[in-house]
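Accompanying notes for the structure given below.
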Amino acid sequence: MTRVLFGEDDRALARGVVALLKTAGYSVDHVEEGHLVLEMAQEEAYGLIILDIGLPDVSGFDVLRKLRSAGVDIPVLLLTARDALEDRVAGLNLGGDDYMLKPFEPAELEARVRALVRRRQGGSSSVITVGGLICDQATGTVTINGRPVKLRRREWALLVSLLTRTGKVVAKERLSSELFGHDEPVGPNAVELYIARLRKKLQPDGPAIRTLRGLGYMIDPS
Ligand code: CA
């Protein structure tokens, strides 16, 4: 089930969209403030973010800019009441994937959401399987022998980074640069910490993450 994060302060509109998306089979987390979108998008693994530009605390533009500079590459569908070409251009330049003007037809929103999710699923390595573990990059879901595993965003990024190179050693520096934004202060043990958390969540029947001292980490294909 694709997880959607929805930042919108217009409650009536939000209620309608949340109901529509849930009916269409999405799991939706709705928040009304920009700082919450920022926090949650960096913590959890979402398949899509729907983001109102006119949020009360931090504008959707600023949220988007900060997410992209923190390395969050989840597709973003921007919503705005303003019918300005500059908004559209600014939004897409900042790394927005699509753009809708309010008011919109609910059916159109659903179609755009479906298209964005499908586009992401169309990526060549959307689903990775190692042993009993299935990792679906499009929906942000991981299961081990059918059991769902809930990962935070960095645990997710770490897992995907290792899984896409299963059987190969991934250097710690590389993991660090993929997990953290350029301007983020990173402690010397940050990668170890996330490896430990991820190992715990993959137990008891998930793939093992091997430590190769001085070299990096590797997921064992066997
Ligand atoms: Ca608004």
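Over the range 127-219, the reciprocal of the mean inverse Cα-Cα separation, the Kirkwood hydrodynamic radius, stands at 13.4 Å. The helix-based estimate of mean residue ellipticity at 222 nm for the chain, built from -39,500 (n - 2.57) per DSSP H run of four or more residues and divided by its residue count, is -12500 deg cm²/dmol to the nearest 500.
The modelled label-to-label distance for the pair residue 208/residue 39, using points 7 Å beyond Cα in the direction of Cβ, is 3.9 nm. Mean projection of the Cα convex hull over all viewing directions, computed for the range 48-118: 4.6 nm².
Accessible area ranking (1.4 Å probe, heavy atoms, ligands and nucleic acids excluded), largest first, for 222, 126: 222, 126. By the Kirkwood approach, averaging reciprocal distances over each pair of separate Cα atoms, the range 36-157 gets a hydrodynamic radius of 15.5 Å.
Counted residue by residue at 0.36 nm each, then reduced by the alpha carbon distance between them, the extension gain from residue 215 to residue 189 reaches 7.9 nm. Peptides 140-150, 100-110 ranked from most to least packed by the mean count of surrounding Cβ atoms within 10 Å: 140-150, 100-110. Only lysine pairs 8 or more places apart or on separate chains count here, and in the chain those with Cα atoms under 28 Å apart total 15. Applying 0.36 nm per residue to the separation of residue 222 and residue 10 and subtracting their alpha-carbon distance, the gain on full extension is 71.3 nm. Determine the distance separating the Cα centre of the range 156-212 from the Cα centre of the range 3-40; give it in Å without decimals. Between the Cα centres of the range 156-212 and the range 3-40 lies a distance of 30 Å. Relative to the globular-protein estimate of 2.2 N^0.38 Å, the Cα radius of gyration of the chain stands at 1.07.
The values are calculated or read from the model by the stated rules, or taken from the named source; none is laboratory data. Keep in mind that this is a model prediction, so the values were computed, not measured. When we count neighbours, we look across all protein chains shown, and the Cβ atoms used for this are built from the backbone with ideal geometry, even at glycine. Side chains are part of the model used for accessible areas, which takes the heavy atoms of the whole protein and leaves out ligands, DNA and RNA. Shrake-Rupley method; radii C 1.70, N 1.55, O 1.52, S 1.80 Å.
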